[in-house]
Amino acid sequence: MLVHEAKIIVCCSKGVSGGPELLHQLVHELRANGREAYIAYYPFNISFSCPEAYKRYDAPQAQLSDEHDTFVMVPETATWIAKYVKKARVGVWWLSVDNYFLASHNSVIKDLYLRYKSLVRARLPIFRLRNLLHFSQSHYAEKFLQDYSIPSHQLTDYLSEAHFLNRYLGDEHAKENVVAFNPLKGYKKTKLLVSAYPEIEFIPIQKMTSQAVAALLRRAKIYIDFGHHPGKDRPPREAAMAGCCVITGRSGSARYHQDLPILEKYKLDDTTNSYVNGFGMLADSIFKDFSVYVREFDDYRLKISNEPQVFKQQVRAIFG
């Protein structure tokens, strides 16, 4: 057991996304194990109520408390909190790598500015994090920390129950020759595919309810993600569980089989325009012989199905 403190405070930003949900899941699991754990929303000078989407988790709120026998967990995007904690022990949970630097991946100059801004305003530089306890949600984050000679402990994540209820059960007739994509992830590269293949129906996941997204993924044969994959991203897993063949680039966590365990042929080298032709040939094959290609994701779906149990084991090993 690494964390022996009596009280655990998990710091969380407002909003609804994969990161905050995972932080709520951690508190829920800690309390299920009998630990005294709470969520503390920041900015700390503003009062927040728990988002409706997370009320299913047992994650009561508490104020950030700097006391002996308290452990404070912060996400990598909020390492500034550690500056104000003098008595409690602090852990950093690396839910991503790129978001630590506020990277946009849209402009080299903009990213250099954002990296400078992140270190001046919000994030503590790496050398000031060495004495803290570190946890990695992805192999990508683990490797990043290793490059700075910082050890970390695996603390991954899992999809919410809704995605297991939406799982693919082999109904090939419900599938259509549709490609789903998130326009917030790698849209410049996706746009090239949309232009190159007007005969293919590309449907963006935008301005949709969670039910509409689930329905789209049940219809689509392919989900593409040419984003930067700052951590072990949830959308590819959600799509795979719904029976989509997942095609990605090789940026960030996508380059590691530990984070995205799909066959290499589904990870296209999008650093050159050759990925456009590669996508076309692969998509055509999937559309024509979906029953064969979808089975190549069986192992991926099985691993995703096992993630809740893996997470529980990791929490018990770290927190008791």
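The values are calculated or read from the model by the stated rules, or taken from the named source; none is laboratory data. Note that the structure is a prediction, hence the values are computed from the model and not measured. Here the Cβ positions follow ideal geometry from the backbone for every residue, glycine too, while neighbour counts run over all protein chains shown. These area figures cover heavy atoms from the full protein model, side chains too; ligands, DNA and RNA do not enter into them. Shrake-Rupley method; radii C 1.70, N 1.55, O 1.52, S 1.80 Å.
Can you list the residues, at least 5 places off or on another chain, whose amide H is less than 5 Å from the amide H of CYS245, using H built in the peptide plane?
Correct list: ILE222, TYR223.
With n ≥ 4 as the cut-off for DSSP H runs, can you work out [θ] at 222 nm for the chain, using -39500 (n - 2.57) per run divided by the number of residues, rounded to the nearest 500?
Values: 10 runs with 107 residues, N = 320.
After summing the helix terms and dividing by residue count, I get -10000 deg cm²/dmol.
Which order do the peptides 255-263, 272-280 take when ranked by the mean count of other beta-carbon atoms within 10 Å per residue, highest first? If you can, show how the numbers build up before the last one.
Numbers: 255-263: 16.7, 272-280: 14.9.
Listed from highest to lowest mean packing, they are 255-263, 272-280.
List the equivalent ellipsoid semi-axes of the stretch 7-107 in whole Å, largest first, each obtained as the square root of 5λ for an eigenvalue λ of the Cα gyration tensor.
Values: eigenvalues 91, 62, 31 Å².
The answer is 21, 18, 13 Å, longest axis first.
Please list, in chain and number order, the residues 5+ apart from ALA37 or on another chain whose amide H is under 5 Å from its amide H, with Hs placed from the backbone.
So ALA37 has HN proximity to ILE8.
Considering only protein heavy atoms, with the full assembly of protein chains and a 1.4 angstrom probe, order GLU176, GLU161 by accessible area, largest first. Provide the component values of the computation, followed by the final result.
On the way: GLU176 75, GLU161 135 Å².
From most exposed to least exposed: GLU161, GLU176.
Using a Cα-Cα cut-off of under 17 Å, which aspartates and glutamates could be cross-linked to LYS188, ignoring same-chain neighbours fewer than 8 residues away?
Partners found: ASP111, ASP225, ASP269, ASP270.
Taking the convex hull of the Cα atoms, report for the stretch 195-269 its projected area averaged over all directions, in nm².
On the way: hull surface 21.9 nm².
If you wrap the Cα atoms of the stretch 195-269 in a convex hull and average its projections, you get 5.5 nm².
If you find the alpha carbon centre of the stretch 21-35 and of the stretch 249-320, how far apart are they in angstrom?
Spelled out, the Cα-based centre of one part sits 27 Å from the other.
Under 8 Å for C-alpha pairs, at least 6 residues apart: give me the relative contact order for the stretch 215-259, rounded to a whole percent.
On the way: 60 pairs, mean separation 20.4, N = 45.
With pairs under 8 Å counted, the relative contact order is 45 percent.
Go through LYS7/LYS87; LYS55/LYS303; LYS14/LYS191; LYS14/LYS55 and tell me which ones have a Cα-Cα distance over 20 Å in this structure.
Working: LYS7/LYS87 13 Å; LYS55/LYS303 27 Å; LYS14/LYS191 31 Å; LYS14/LYS55 14 Å.
Correct reply: LYS55/LYS303; LYS14/LYS191.
Specify, per residue and in Å³, the volume enclosed by the convex hull of the alpha carbon atoms belonging to the chain.
Working: hull volume 43.2 nm³, N = 320.
Hull volume normalised by residue count: 135 Å³.
From Cα pairs below 8 angstrom and at least 6 apart in sequence, can you work out the relative contact order of the chain, rounded to a whole percent?
Details: 529 pairs, mean separation 52.2, N = 320.
Taking the mean separation of contacting Cα pairs over the length of the chain, I get 16 percent.
In Å², and per residue, what accessible area does the stretch 177-300 have when probed at 1.4 Å with the other protein chains present? Walk me through the intermediate numbers first.
Details: 5440 Å² over 124 residues.
Computed with neighbouring chains in place, this is 44 Å² per residue.
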